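To start, the structure itself, in structure tokens.
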Protein chains: 2
Amino acid sequence: MVRPRSVAVVGASDDATRIGGRPIAYMMDQGFAGTILPVNPNRPKVQGLPAFASVSALPSVPDVAIVAVPGEAAVQAVADLGAKGCRAAIVFTAGFAEVDEAGAAMQDRLVAAARGHGMRILGPNCLGLFNAAVGFYPMFSTSFEQGWPIRGNIGIASQSGAYGTHVFAVSRARGLGTTVCVTTGNESDVSLGEVIGWMAQAPEVEVICAYAEGIRESDRFIAALDLARRNRKPVVMMKVGRSELGGHAAKSHTASIAGDDTITQAVLDEFGVVRAGTTEQMLDIAYAASRRIYPARNSLGVITVSGGAGVLISDAAEAAGIPMPPMPDDAQAKLKSLISFSAPRNPVDCTAQAVNQTEMFEHFLETTAEAGGYASMMVFLTQTGGSTTMAPKLRPYLKKAREKFSDRLWVLSVIASADKVKGYEEDGYLVFEDPTRAVAAIEAMGRFGAAFAAPPAEEIPVPEVTLPATTPTEAEGKRILAQAGVPAVPEKACASVAEAVAAADSFGYPVVGKILSPDILHKSEIGGVILDLANADAVREAHATLLARAAERAPGARIEGVLIAKQIKGAVEMALGVARDPVFGPVAMVGLGGVFIEILKDVSFRRCPFSEAEAEKMVRSLKGFPLLDGARGRPKADVKALAGALAALSRFAAGAGDRLLSVDVNPLLVLPEGQGAFAADAVIEVEETH
Amino acid sequence: MVRPRSVAVVGASDDATRIGGRPIAYMMDQGFAGTILPVNPNRPKVQGLPAFASVSALPSVPDVAIVAVPGEAAVQAVADLGAKGCRAAIVFTAGFAEVDEAGAAMQDRLVAAARGHGMRILGPNCLGLFNAAVGFYPMFSTSFEQGWPIRGNIGIASQSGAYGTHVFAVSRARGLGTTVCVTTGNESDVSLGEVIGWMAQAPEVEVICAYAEGIRESDRFIAALDLARRNRKPVVMMKVGRSELGGHAAKSHTASIAGDDTITQAVLDEFGVVRAGTTEQMLDIAYAASRRIYPARNSLGVITVSGGAGVLISDAAEAAGIPMPPMPDDAQAKLKSLISFSAPRNPVDCTAQAVNQTEMFEHFLETTAEAGGYASMMVFLTQTGGSTTMAPKLRPYLKKAREKFSDRLWVLSVIASADKVKGYEEDGYLVFEDPTRAVAAIEAMGRFGAAFAAPPAEEIPVPEVTLPATTPTEAEGKRILAQAGVPAVPEKACASVAEAVAAADSFGYPVVGKILSPDILHKSEIGGVILDLANADAVREAHATLLARAAERAPGARIEGVLIAKQIKGAVEMALGVARDPVFGPVAMVGLGGVFIEILKDVSFRRCPFSEAEAEKMVRSLKGFPLLDGARGRPKADVKALAGALAALSRFAAGAGDRLLSVDVNPLLVLPEGQGAFAADAVIEVEETH
């Protein structure tokens, strides 16, 4: 579909400005090397090419066909193409599932017609695609009137045709090379995920820019992101519809399911996909990625001619989370000795003097790179970098420093003419006018680097889970979860003192002892509850005391023994949960209880299953994490036990299958370090079997 | 200093590339109409102008002087200029307070020399200023090598010379008109606030772009922001040093006090100043402000040719807080009848069809503007707006719609050549390539509009406050605050049953009764505390019961009566406070107690004093506000009482003067609506008198 040797155009037009005419004109203009086979019942020739009256009249089986005929005729064309042996169609035709029920039914027939012949469909209601590497332009965009793609390594995958070509047009205006662009329209068959997956292995593409309104299927999407990461191809994604407003608009557009943005975000985070909020951000990141330097442990060294800009860049780096460690003391002293007014901590303010005495500039550049050891280097020169007198003097030093430290990501912030910018780019610099945008792009390169360097996801063993036929009681739910590795607050009915001591030993101290009798409803009234049993002796003594009190104060009550329960003190209340996302399946959630989850929505989500290490990362990502980490004079909480319970819950959910609708563990009581985490309440909701 | 008739240049150089040479060369090039008086002891002529050997040798008193001689010579020059009668100097010389203690001492001498003659100083260590309206260029920036300022209505006020001219250079590259730029350097005399204040009344300037590292003085700064608001001149401010990293760099630069960013932000919010995070944002906003349309009640109507972009714009509008109300049903039906595939809710997706049938486009534009009644209108056309075939057809309809609804802020998002953009701008459109940046700029115009429309700040009566000589006890502190209008939990020692009933009546029910005796330490042990007294009868009964129990269970104890206290139930715990900012004086704070303030720093600050209405705004701005507003099944809290206490605290702080170091009211217990808010604990810290 993307690199064919021949293409049929059903609904071919002689008019190069019509939908069925543009692709032919574009391919002829751009020297498509394959055969173009126009299908038009009314003309022997189309745009000078021999035309054929029908699909069946085609002289050969095309690798791919463009379908540009309206309504039912498109369904018929797909059926005819399938019968002819064609295996791929790009369907421009609109009026399908994006419009109404009748359209959705027609789309079903379109897909059925293709499936019957093992044929793949891009669209319907799509703008098409282009692959400039082979001059293939099955796309009816007017974009090309303003210029052809610049060759380069960016691929655009977009659900929206208009927005996909908008990104293309902006990238072209910025001089960025976009070789491939694929728009997926209604995604009746080929989905965005499959397109990303193709790009992840295609030599034409090194950087993937994706635009989504809603992810419709999980498997290919996940596989694509995984492959892109393994192949070290960064994916920048714009996923709109994150607001309620946006969500509404997304639903009225392209029959899309916007999905739960929080969950989509969790999936993107899982694979190191960087999410862009604007076209500009997306292309900044794509541009920066063109250097293919992705620092796994990012840090930023800044050389600036303006102290003010240094502060601004520091602010931006802090907000973005890029460390800017100070220069070593000796290196600072060395630079200070060169220019006494300089401020060489990092940002390294070399002052205008270093620019006027350019040999100073060389020292500042190289000393900062060498002694600072920063993974990313940013040089802020503002208009000096574009000055006709200064730029030619500075450029050789910049070039030399970059060559000497070629493993670093070098970024220049200058205001300069296009030709000067080009010169710096040829020397290996990324050039941004705005320093804040530069910082954002540097941060994204670090995130890619970290994702690429991460060990491959470990295989998480998924247990076999047999769910009850109906939603279980709370007690049964807790039992099921305890078996799965999410322990409930431990308690045991003990018939003997030996049993009581053994139970207490196994729970860890302190424990609580309670008289166990069906006839004593209010235990505390007869002194039937004893707290703070700190060791085995205390348990033995309490056992005797409880039995004695019962005999004295509730004579005649049937005594079954003593209940020993772990005493929960100083716990942090957490909430764990599992929900079933319609696209991504079971997802697990963790949050701090109370206001954090209810008012602040301070939660972390992830697809099930995942490891203890990932679970711990989720916990640490919470805004309220300080509460688990010793804030407000508390002891540190048992984060390992919490992460263990969360990971166990994720394995349980993955093993339980589609019948598991939801799990709520709220609260999960997390004790101080080393003392565990225990569910105090749990609800499991299952789909009833019939 | 900004529009002089004559300027002396002390340290004038014949070399047009030297610090003392550039201003002369620039002014000659740009036709400065006033007299330039070079001072140079070694040359009779400088750059062709007659030069004078010393300040005293000058033939007339210059309106202003540029000082470009090093170190002590600069101090001497200022003294000489003062003696000559000159009233203003722009001091380029560096090596003062920004360097070390000795430099600071020299700066003090510089200021003293000037003050003695009533002379004002810009700098030292400043890059100077320019006023292109009169060709006045006392600035040694190399910026002008790349082009002169474009005439327009933007003024730049910057503490940093390098960053100020960076902003100027970026604005020039974007085609924005910047007539005046003033850099303040070390601010030994003229501060950023005074510059903003000058711009707020100067006809040269309509939009003020300010850059600050730290605000050094409050009065002129506040007065300037107030004046700018009254004169409807928007101020966009970049204030760096908000991060810890940044704060550090700010201190090592220009001897600046970065101040507390939270408090600065509160001051900017107070005056409707929009804070920009990047140069790009600052200039986007300045550009948008050039239309001088500031919607006081902003709303956004969007017409788009791409559904995807519509979703993106909706997301951005929601994030920015601009409402996008849907179109009225009948207008939607009308548009839907024109193009059946259109989605005319808002965003109004008119589809490519409206662009192909341009008369449709006219209907969509005007119907959306008219029926939707949006204050701001955005049209997203992407490359279609730049298309050589399409743009000329669309432009007349765009122009007509804008003229018909000329009170609206009209924004176009297109990818187009510079000349096409210029055409749209001439038609009254703001043109942005990136729709998200357009949304941000539209949002800023609404914020300016709201600030300009706000009634002038009411005069807040400030009470006379007499502070104790030393930090008072908690009880005394609570008494002082109660007197000031921040009530403590009401309680009263009552010697008789009548007094008890009267106290309870005055507090409101329920109340708590407690036996009052210096001999009974643990009241509850003898049943000496009775809760939930719901009415006067219950108080009477409790009074008798308490006395009886005391007589029976603590015979011999001295009984002083009964303490009646308001019973606090279901309160939300808040924290109020006052701190003294070194620049802005007393500032009051409000936050929710517990994790909100300690972990999340969810607080709101404002300069003292302020009104109840402002106090309520602060409360409502808290992230945790839902907890006061009925979240989690609680009753709504008494926000009016909370706001009343906060406003009273602000008046108290304003009246207390410099000796009030801090106040902490923590917790302030806020009861359900209508039941009040009461301090349970309060600490007032005062500077001891000697």
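Just a few scattered comments:
- Sorted from closest to farthest, the other copies place their residue A:620 label points 4.1 nm away, with each point set 7 Å from Cα along Cα→Cβ.
- Counting Cβ atoms of other protein chains within 10 Å of each residue's Cβ and taking the mean over peptide B:618-631 gives 1.
- The angle between the Cα long axis of helix B:307-320 and the main principal axis of chain B comes to about 60°, on a 0 to 90 degree scale.
- For region B:1-79, share of DSSP beta bridges that run antiparallel, in % to the nearest 5: 15
- The same position residue A:552 in the other copies lies at 2.6 nm from this copy, comparing label points 7 Å beyond Cα toward the beta-carbon, shortest first.
- Calculated from backbone phi, Karplus (6.51, -1.76, 1.60) coupling profile of region A:373-379 in Hz, x at Gly/Pro: x, 6, 6, 10, 10, 10, 10
- The residues neighbouring residue B:619, those whose beta-carbon lies less than 13 Å from its own, together hold a net charge of 0 under the Lys/Arg +1, Asp/Glu -1 convention.
- Taking every residue in A:378-385 and counting other chain Cβ atoms within 10 Å of its Cβ, the average works out to 4.
- The simple spin-label model puts a point 7 Å past each Cα toward its Cβ; for residue A:400 and residue B:454 those points are separated by 5.6 nm.
- At 7 Å out from Cα toward Cβ: residue A:469 inter-copy label distances (nm, ascending): 8.7
- Karplus-derived 3J(HN,Hα), 6.51/-1.76/1.60, for each residue of region B:284-291, Hz, glycine and proline x: 4, 6, 4, 4, 4, 5, 4, 6
- Based on Cα contacts under 8 Å between residues 6+ apart, region A:490-566 shows a relative contact order of 49 percent.
- Summing +1 for each Lys or Arg and -1 for each Asp or Glu among the other residues whose beta-carbon sits under 14 angstrom from that of residue A:220 gives -4.
- Between residue A:329 and residue A:544, the distance separating the two model label sites (each 7 Å from Cα on the Cα→Cβ line) works out to 6.6 nm.
- For region A:300-453, the spread of Cα coordinates along the three principal axes comes to 41, 39, 28 Å, biggest extent given first.
- Surface/4 of the Cα convex hull for region A:490-566, nm²: 4.1
- Legend: residue pairs A:492/A:636; A:239/A:601; A:601/B:569; B:233/B:640; A:478/A:623; A:334/A:393, Cα-Cα distance threshold 25 Å; pairs beyond threshold, A:492/A:636; A:601/B:569; B:233/B:640; A:478/A:623.
- Kirkwood hydrodynamic radius over Cα pairs of the protein assembly as shown, then Stokes diffusion coefficient at 37 °C and 0.692 mPa s, in µm²/s: 90
- Over chain B, relative contact order from alpha-carbon pairs under 8 Å, at least 6 apart, %: 8
- Value of [θ]222 nm, deg cm²/dmol, for chain B, DSSP H segments ≥ 4, -39500 (n - 2.57) each, nearest 500: -11500 deg cm²/dmol
- Within the straight-line cut-off of under 18 Å between alpha carbons, the lysines reachable from residue B:400 are B:420, B:422, sequence neighbours fewer than 8 places apart in one chain being disregarded.
- Global size of region A:141-290 as Cα Rg and Dmax, reported in angstrom: 14.2, 40
- C-alpha center-to-center spacing [region A:414-469, region A:522-583] in angstrom: 54
- Fewest-first ranking of B:290, A:376, A:604, using other Cβ atoms within 10 Å as the exposure measure: B:290, A:604, A:376
- Computed from backbone phi, the HN-Hα couplings of region A:155-170 come to x, 10, 10, 9, 6, 8, x, 4, 6, x, 6, 4, 4, 4, 5, 5 Hz, rounded to whole numbers (Karplus: 6.51 cos²θ - 1.76 cosθ + 1.60, θ = phi - 60°; Gly and Pro given as x).
- Distance (nanometres) between label positions extended 7 Å along Cα→Cβ at residue B:491 and residue B:598: 2.3
- Peptide B:314-327 is shielded by partner chain Cβ atoms: per residue, an average of 4 of them sit within 10 Å of its Cβ.
- Neighbour count of at most 10 Cβ within 10 Å plus DSSP loop: longest GluC sites (Glu not before Pro)-free window in chain B: B:1-457
- Sites residue B:201 and residue A:393, calculated FRET efficiency, Cβ-Cβ separation with R0 35 Å, nearest 0.05: 0.20
- DSSP-loop trypsin sites (Lys or Arg not before Pro) across region B:567-624, with at most 14 other Cβ within 10 angstrom: B:569, B:601
- Cβ-based exposure ranking for B:304, B:471, B:17, in which fewest neighbours within 10 Å come first: B:17, B:471, B:304
- Region B:171-220 and region A:323-363: distance between their alpha carbon centers, rounded to Å: 29
- Antiparallel bridge percentage (DSSP; both residues within the protein assembly as shown; nearest 5): 50
- What the Cα convex hull of chain A gives, in volume per residue, is 191 Å³.
- Per-residue extension of 0.36 nm, minus the Cα-Cα distance of residue A:632 and residue A:16, leaves a gain of 214.6 nm for this segment.
- Hits among aspartates and glutamates - C-alpha to C-alpha of residue A:514 under 19 Å, sequence gap 8 or more where chains match: A:491, A:499, A:505, A:525, A:532, A:537, A:541, A:552, A:560
We did not get these values from a lab; they are worked out from the coordinates using the rules stated. Since this is a predicted model, take the numbers as computed values, not measurements. Heads up, the Cβs are rebuilt from the backbone with ideal geometry, glycines too, and the neighbour counts pull from every protein chain shown.
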